[in-house]
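To start, the structure under review is shown below, and the notes come after it.
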Amino acid sequence: MVAAATLHAFSTEMLVGSMTFSVVATVLCFAESMFEKVGERAQKGLDHAAYFAAIFALCCIPIVAITGNAAGDAASSPVLVNKMLLSGLCLGLWIGVILGRKTWGPEMWSNRKMGLVHTGFVCAGYTTAAMLGSIGSVMTRGETVGDLFGIWPHFDNAPSISFGLSMVLFVLSLTALLVVIFVQPKSEVELNL
Amino acid sequence: MRRAIILTSLLLLVLCVQPLSANPGGTGDGNRDAACGGSCHGDPGLSEPSSAVLSFSQDRDAAYVGGPISISVTATDMELSSRSMVGMFLLSGTHGVADTPQDDGWTILSNGEGGSTNYVETYAQDSNTGATITWSLLAPVNEGTYEFYAAIHHGGGGSARMKISSVHNVTVGPIPDNLPQMLPWDAMTSRSLGEESVLSMPVVNATAVTLEYRIGEGPIASISAQMEGEAWVVTLPAALSDIPLSYRVVMSNDEFTETTGWISVANNVEGYTADIFAVRLQSMALMLGSLALCISIQRRMARNSNSAIVEPEAALISPDQTSMVVPSMAALEVEIPQMEPVSLSLDDPRRPPGWTDEQWLHYGPDHIKQNHGGGF
């Protein structure tokens with residue numbers, strides 16, 4: 001048998017690798033939409049690479065979360081609690097990234113504003129994943145490359161929120177999502193889908 | 001040429017990466033043999049020699065059978081990593097197996113760091129000051145000369161390093177008649193904050209037993225123990241904050257006064273506990289919230305000035321998205337000719353059932369464009 005911690009390390013490496021690839025390709029796409037240096041064909045290729053790498057990374061996130069959950073006892077560790085919270089944030093941002101790209105398609109890069117927003121979300125998702133990796137590094141090796149930045153958080157303390165308040169937060173978030181999906185006016189692209 | 005430069009630069013960057021040591025954050029205190037950590041600190045391919053100077057000192061010249069003795073090990077002049085962490089061993093041999101003091105019959109009452117293990121991790125302020133660990137021990141039941149070794153594991157200069165000292169002998173002699181003595185005893189080395197500790201000490205040949213305690217290296221306070229049955233009992237006051245408290249037992253009679261080494265007490269600060277189901281809910285809330293934020297911003301950014309035309313009336317909102325806009329009839333009259341300068345038949349078969357004439361004239365062209373591909 002392979003320990004959950006080993007599987008966690010393996011799936012984390014797959015996740016971070018594909019996410020990094022996706023982020024680099026996305027940033028290059030955005031740069032091309034700004035400076036138009038390498039041509040539309042190259043941009044389309046980069047866009048597809050970023051999209052499929054993002055989908056692969058999304059598939060890895062639940063595996064990483066599940067194996068990580070099995071590898072440690074989050075109930076007694078504020079660091080692991082922070083890992084769980086950041087995992088949720090990372091998953092949400094990354095689903096949003098993929099939904100956005102699926103909705104707008106490669107034509108998204110012809111709208112600089114959209115391209116900027118998309119790149120921003122990709123970078124935010126990647127930063128969250130980097131923080132998760134940094135926490136894991138501090139736990140296993142006692143240090144993180146993030147320390148080089150000087151302002152990298154260590155997440156030694158976790159919020160202590162009761163079950164009731166957590167449920168309220170969950171219901172509020174779910175309501176917000178439903179309102180966005182069903183009440184917020186759809187854009188033209190979505191209406192024409 | 002350009003490609004070659006980029007590739008060469010990348011290769012150089014890879015070569016510039018320093019080899020990393022295995023556990024720069026340490027592995028925690030424990031009872032460990034000399035071979036522990038050898039795979040990293042002892043591997044010639046991964047490690048380098050340590051320049052540490054290890055020295056022993058003890059609180060008395062010799063110990064009696066079962067009697068107390070404190071052995072201090074000081075390490076100086078070693079290389080230090082940025083974390084300044086060192087791991088120090090007190091060993092009874094260097095074979096790699098069964099070479100802890102306990103294997104030779106010694107009892108470790110305290111390692112000076114709130115535990116009773118032979119391996120302790122600590123921090124050195126600098127290499128000149130070094131680090132000192134004091135072990136408080138009870139001697140074995142057999143007389144003789146016992147060997148001790150000190151070892152240190154540390155990092156520095158990008159490599160794992162280790163050093164083992166030369167032998168240090170401790171003589172365990174016979175017990176003088178009438179010597180006050182502590183029988184084998186599990187010393188209290190940790191407790192919860194705010195909790196008094198009742199210590200029951202199996203001391204023999206003593207007419208008075210005193211518990212001395214201090215905070216850090218501060219002044220020493222003492223409490224007399226009372227004989228209760230076969231043991232001397234004393235209560236160590238509670239600590240109200242996480243202070244470095246240590247204590248020792250002074251046993252005396254008319255002829256002798258015996259003192260144990262200082263025993264450090266770790267304060268068990270109340271551990272963190274979380275309701276894991278609540279954390280999962282918070283995690284899902286964050287996921288849903290961030291997803292909602294993503295979708296919302298994407299929609300806002302993608303909307304252009306014409307988008308209001310294709311939306312149903314209920315969805316029309318003001319440019320700042322804060323209030324509903326109900327278009328007036330006058331506005332409708334103005335907008336219709338602007339949209340499509342074509343006539344729209346009121347009995348068009350593509351008109352959805354239930355639409356009023358006004359709705360059909362206003363939204364009809366769009367409806368046809370969206371659902372029937374246009375064409376009037």
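Leaving ligands and nucleic acids aside, the B/A contact buries around 4300 square angstrom of accessible area in total at a 1.4 Å probe radius. What is the distance, in nm, between label points placed 7 Å from the Cα along the Cα-to-Cβ direction at B:SER192 and at A:LEU148? Each label point lies 7 Å from its Cα, and together they span 4.5 nm. What's the carbon and sulfur percent of the stretch A:4-183's accessible surface, probe 1.4 angstrom, rounded to a whole number? Ligands and nucleic acids excluded, carbon and sulfur give 72 percent.
Accessible area per residue for chain A is 52 Å², calculated with a 1.4 Å probe on protein heavy atoms, without ligands, DNA or RNA.
Using R0 = 35 Å, the C-beta based FRET efficiency linking A:ARG112 and B:LEU344 works out to 0.40. Taking θ as phi - 60° and the Karplus parameters 6.51, -1.76 and 1.60, the scalar couplings of the stretch B:346-357 work out to 5, 9, 4, x, 7, 5, x, x, x, 6, 6, 4 Hz in sequence order, x denoting glycine and proline. With θ taken as phi - 60° and the Karplus curve 6.51 cos²θ - 1.76 cosθ + 1.60 applied, the whole-hertz 3J(HN,Hα) list for the stretch A:105-122 is x, x, 5, 3, 6, 7, 9, 4, 5, 5, x, 5, 4, 4, 4, x, 5, 4 Hz, x standing for glycine and proline.
Spin-label model, B:LYS369/B:ILE215: points 7 Å from Cα along the beta carbon direction are separated by 7.9 nm. Computed with every protein chain present, the accessible area of A:ILE151 is close to 150 Å² [probe 1.4 Å]. For the stretch A:151-193, a reduction of at least 40 Å² in accessible area between the chain on its own and the assembled protein chains (probe 1.4 Å) is found at A:PHE163, A:SER166, A:PHE170, A:SER173, A:LEU177, A:VAL180, A:GLN184, A:PRO185, A:GLU188, A:LEU191.
A simple packing score, the average count of other Cβ atoms within 10 Å per residue, orders the peptides A:85-95, B:49-59, B:257-267, B:85-95 as A:85-95, B:85-95, B:257-267, B:49-59, with the highest score first.
Counting lysine pairs in chain A whose alpha carbons fall under 24 angstrom apart, excluding pairs fewer than 8 residues apart on the same chain, gives 6. The label-point distance for B:VAL269 and B:GLU255, in a model that sets each label 7 Å from Cα toward Cβ, rounds to 4.9 nm.
Computed in the context of the full set of protein chains, the accessible area of the stretch B:221-264 at 1.4 Å probe radius has 48% of its extent on carbon or sulfur. Per residue, the stretch B:180-269 exposes an accessible area of 50 Å² to a 1.4 Å probe, with every protein chain left in place. How high is the FRET efficiency from B:ASN169 to A:PHE56, r the C-beta distance, R0 60 Å, rounded to 0.05? E between B:ASN169 and A:PHE56, to the nearest 0.05, is 0.40. In sequence order, the stretch B:66-76 has phi-based couplings of x, x, x, 7, 10, 10, 10, 10, 10, 10, 9 Hz under the Karplus curve 6.51 cos²θ - 1.76 cosθ + 1.60, θ = phi - 60°, and Gly or Pro positions carry x. Based on every Cα atom in the stretch B:189-259, Rg and the maximum pairwise Cα distance Dmax equal 12.8, 39 Å. Spatial offset of the stretch A:43-57 relative to the stretch A:130-154 amounts to 28 Å, using the alpha carbon center of each. Annotation: per residue accessible area for the stretch B:18-175 equals 42 Å², rounded to a whole number [probe 1.4 Å, protein chains only].
The values are calculated or read from the model by the stated rules, or taken from the named source; none is laboratory data. Every value quoted in this text rests on a predicted model; they were computed, and no experiment measured them. Methodologically, a virtual Cβ is constructed for each residue, glycine included, from the backbone with ideal geometry; neighbour enumeration extends over all protein chains shown. What goes into the accessible areas is simple: the full protein's heavy atoms, side chains included, and nothing from ligands, DNA or RNA. Shrake-Rupley method; radii C 1.70, N 1.55, O 1.52, S 1.80 Å.
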